[in-house]
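Notes follow the structure.
The values are calculated or read from the model by the stated rules, or taken from the named source; none is laboratory data. Everything quoted here is computed from the prediction, not taken from an experiment. Note: ideal-geometry Cβ built from the backbone for every residue, glycine included; neighbour counts use all protein chains shown.
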Amino acid sequence: MRSRYSAFAHGDADYLFRTWHPRTRPDDVTIDPRITWTGLEVIDSVAGGPDDDRGEVEFKAFFESAGRADSLHERSRFERRAGRWFYLDAREDL
């Protein structure tokens, strides 16, 4: 989760694409250059340990856009494939 946040913050769309599960990723991943990511707070995690193949992370990501501060509150699901973690999808209705 933290590495994907860092990729958003540093504009690394290629990393986001490569770590998105092939079953759910879009054809193209773009990052809005008008958004400045300012912080990440991990609220909860479920599974996702060394012996797990699935995991979930609830977080708040803070950002500024058009001079206004805002945040994204999400629970993301991840799946391990061939020893690597991939982002599956998210629930934002928290």
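Within the option set Arg23, Arg4, being touching a residue at least 40 places away in the same chain (Cβ under 8 Å), over 15 Å from the mean Cα position of the chain (by Cα) and not in a strand (DSSP E or B) holds for one residue only, Arg23. Being more than 13 Å from the chain's Cα centre (by Cα), assigned to a strand (DSSP E or B) and β-branched (Val, Ile, Thr) is the requirement here; does Val46 meet it? Yes; evaluated as a whole, the condition is true for this residue. Scanning the range 21-43 for residues that are surrounded by 11 or more Cβ atoms within 10 Å (Cβ to Cβ) and not aliphatic (A, V, I, L, M) returns His21, Thr24, Arg25, Thr36, Trp37, Thr38, Gly39, Glu41. When we screen Arg75, Arg68 for residues that are more than 17 Å from Thr24 (Cα to Cα) and of a type in the set (Lys, Arg), the only hit is Arg68.
Within the range 33-61, being under 15 Å from Arg4 (Cβ atoms) and out of contact with any helix residue (DSSP H, G or I) (no Cβ under 7 Å at 6 or more places or on another chain) holds for Ile35, Gly39, Glu41, Val42, Ser45, Gly48, Gly55, Glu56, Val57, Glu58, Phe59, Lys60.
When the residues of the range 16-63 are filtered to those that are under 15 Å from Gly83 (Cα atoms) and of a type in the set (D, E, K, R), the one that is modelled with the lowest pLDDT is Asp51.
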